[in-house]
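The values are calculated or read from the model by the stated rules, or taken from the named source; none is laboratory data. The model shown is predicted, which means the values in this text are computed figures rather than measured ones. Ideal geometry is used to build each Cβ from the backbone, glycine not excepted, and the neighbour counts take in all protein chains shown. Areas reflect the complete protein model, heavy atoms only, side chains present, ligands, DNA and RNA absent. Shrake-Rupley method; radii C 1.70, N 1.55, O 1.52, S 1.80 Å.
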Amino acid sequence: MSHVMNTYARLPVAFVRGQGVWLWDEQGRKYLDALAGIAVNTLGYAHPRLTRALTERLASGVLHTSNLYRIPDQEAAADRVAEITGLDEVFFCNSGLEATEASIKVARKYGHDKGIAEPAIIVMEKAFHGRSLATLSATGSRKVQAGFEPLVQGFVRVPLNDLDAVRQVAENNKNIAAVMIEPIQGEGGINVSRMEYLRGLHEICQKQGWLFISDEVQCGLGRTGKWFVYQHAGIAPDVVALAKGLASGVPVGACVVGGRARGVFKPGNHGSTFGGNPLAMTAVVTTIDTIKEDGLLANAGRVGEQILSSLKSELGTLVAEIRGRGLMIGVELKEPCGELVSRGLAAGLIFNVTADNVVRLLPPLVLSEAEGRMVVERLAPLVADFARQAQPKAAAH
Ligand SMILES: Cc1ncc(COP(=O)(O)O)c(C=O)c1O
């Protein structure tokens, strides 16, 4: 019996070697990875530049010193994150939930600073922000929350893409300090915000003096063809939460602030022992520099577009919808399709299923056009067969 705590329903496969977008299991079987460890392995596997930088960092002997001292790598990483986000101050942590938790704290502190005794945050239906008590309370999934009540208070939930719902809250609730949104929801099923909705939401935030918090833990860092989804909408958020792809496999998160949120946190308001340590910061600097130098934003946009349009033409009306942006793609089936994941593994393709019936693709940003075609060649027949088998059954019921 394994002593690993039973919090995941794991598949019986272990990957032991990687190169580019390819993984090998213990038996030497080769898989095309269209999931990247859930949007983490930005540069794929064994990218020579990342391997070199991390090896040099290890050889220096200094993996960690603590935030009691200056950390030059952290300063370099913060400069880069500030540049690509267009914001001003970066707090480094170790995971996505820490980035969203810090964002929630910034919003509460901002509210208190404005004289709101019980500040509240508008959050979206089907959102996922993490599994700490505050972030699971912000998450729009009863499955994630059940068993952990009492929930943290101070969240008001509205449907995604519904500006009227937000206007109504603005009229009736004077405690709102911020809105937190994943501009493309990941766990919720690749639900894409309309760009005019994001602009409208941003305008309301400006008018009301609320913080606009963009949770780009999953959709950010170049995956959609720009560094961040809010850049497609042409807006500047006050807070951005980052993690996953930020360091290409080394655990890192970041809460980035600018605009009205600048200067809200003062010394003593927040902290993290590991956050921003030299090992992790080396990976951040190298990941960002490599995305730039290898032209991975344009690559993600181009290859993603090619996959999306091929899937649309191959699967057409067999599925409910195919949606996404860049290398963040969801194929919504008309029925639950969790079993497709192991069929995918048998066909040498790694992806997952979220929200019960959405096949999710989040490949490394180094995926080439040829590899993108292979993703479609492997995935489309699996989905088509599954949909054809399932639909007569559904019709018979
Ligand atoms: C949008 C979003 N926010 C926050 C998180 C939480 O990240 P982590 O699992 O690193 O705590 C996730 C994880 O899936 C996410 O997709």
### Task
Give the residue that is farthest from LYS226 (Cα to Cα), with candidates limited to residues of region 266-296 that are in contact with a Lys or Arg (Cβ under 7 Å, 6 or more places away or on another chain) and open to solvent by 20 Å² or more (accessible area, probe 1.4 Å).
ASN269
### Message
Can you confirm whether ARG302 is more than 20 Å from ALA243 (Cβ to Cβ), in a helix (DSSP H, G or I) and of a type in the set (Lys, Arg)?
### Response
yes
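Do the conditions hold for LEU160, that is, is it under 14 Å from the mean Cα position of the chain (by Cα) and within 16 Å of the ligand (Cβ to nearest atom)? Break it down stepwise before answering.
Working: under 14 Å from the mean Cα position of the chain (by Cα): no; within 16 Å of the ligand (Cβ to nearest atom): yes.
For LEU160, the condition - under 14 Å from the mean Cα position of the chain (by Cα) and within 16 Å of the ligand (Cβ to nearest atom) - is not met.
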### Message
Need pairs with beta-carbon distance below 6 Å; first residue without any contact (Cβ under 8 Å) to a residue 60 or more places away in the chain and within region 129-155, second away from the ligand (no atom under 14 Å from the Cβ) and of a type in the set (Gly, Ala, Ser); sequence gap 6+ or separate chains.
### Response
GLY154/ALA120
### Summary
Exactly one of THR287, THR282, THR273 is part of a loop (DSSP other than H, G, I, E, B) and away from the ligand (no atom under 14 Å from the Cβ), and that residue is THR273
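If you go through region 356-371 one residue at a time, how many are at negative phi and not in a strand (DSSP E or B)? First the steps, then the outcome.
Applying the first criterion (at negative phi) to region 356-371 yields 357-371.
Narrowing the set further to residues that are not in a strand (DSSP E or B) leaves 357, 362-371.
Final tally of qualifying residues: 11.
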### Query
Taking MET1 and the conditions (1) modelled with pLDDT under 95; (2) open to solvent by less than 90 Å² (accessible area, probe 1.4 Å); (3) not polar (S, T, N, Q), which numbered condition does it fall short on, given that it satisfies the others?
(2)
### Query
Among the listed residues GLY258, GLY253, GLY263, which satisfies the condition of being open to solvent by less than 10 Å² (accessible area, probe 1.4 Å), away from the ligand (no atom under 11 Å from the Cβ) and closer than 18 Å to LEU87 by Cα?
GLY258
#### Entry: Conditions (1) more than 23 Å from the chain's Cα centre (by Cα); (2) within 18 Å of ALA280 (Cβ to Cβ); number of the one not met by PRO48
(2)
### Query
So, in region 221-239, of the ones that are part of a helix (DSSP H, G or I) and of a type outside the set (Ser, Thr, Tyr), which residue ends up farthest from ALA39 (Cα to Cα)?
ALA233
### Message
Considering only region 12-31, I want to know if a residue exists there that is more than 20 Å from the chain's Cα centre (by Cα), within 30 Å of LYS143 (Cβ to Cβ) and exposed (fewer than 12 other Cβ atoms within 10 Å of the Cβ).
### Response
yes
### Task
Working only within region 134-145, note down all residues that are away from the ligand (no atom under 13 Å from the Cβ) and either among the aromatic types (Phe, Trp, Tyr) or open to solvent by 30 Å² or more (accessible area, probe 1.4 Å) (or both).
ARG142, LYS143
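Filter region 157-180 for residues that are closer than 13 Å to ILE104 by Cβ and touching a strand residue (DSSP E or B) at 6+ places or on another chain (Cβ under 6 Å) and give the result. Step through it out loud before you land on a result.
Restricting attention to region 157-180, the residues satisfying the condition of being closer than 13 Å to ILE104 by Cβ are 177-180.
Matches in region 157-180: ALA178, VAL179, MET180.
Give region 189-199 a look and list any residue that's within 16 Å of the ligand (Cβ to nearest atom) and either open to solvent by less than 40 Å² (accessible area, probe 1.4 Å) or assigned to a helix (DSSP H, G or I) (or both), or say none. Break it down into steps so the answer makes sense when it comes.
Here is the first cut: in region 189-199, the residues within 16 Å of the ligand (Cβ to nearest atom) are 189-193, 198.
GLY189, ILE190, ASN191, SER193, LEU198 - these are the residues of region 189-199 that are within 16 Å of the ligand (Cβ to nearest atom) and either open to solvent by less than 40 Å² (accessible area, probe 1.4 Å) or assigned to a helix (DSSP H, G or I) (or both).
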### Query
What are the pairs, 6+ residues apart or on separate chains, where a residue within region 165-188 that is open to solvent by 20 Å² or more (accessible area, probe 1.4 Å) has its Cβ under 9 Å from a residue that is assigned to a helix (DSSP H, G or I)?
ARG167/ILE204; ASN175/GLY111; GLU187/VAL144
### Message
Tell me whether region 339-348 contains one or more residues that are hydroxyl-bearing (Ser, Thr, Tyr) and more than 19 Å from the chain's Cα centre (by Cα).
### Response
yes
### Number of positions in region 298-320 that are open to solvent by 40 Å² or more (accessible area, probe 1.4 Å) and either at pLDDT 95 or above or aliphatic (A, V, I, L, M) (or both)
8
### Query
Going through region 200-238 one residue at a time, which ones are under 20 Å from ARG108 (Cβ atoms) and within 13 Å of the ligand (Cβ to nearest atom)?
ILE213, SER214, ASP215, VAL217
#### Entry: Subset of region 142-161 [under 14 Å from GLU182 (Cα atoms) and assigned to a loop (DSSP other than H, G, I, E, B)]
PRO159, LEU160, ASN161
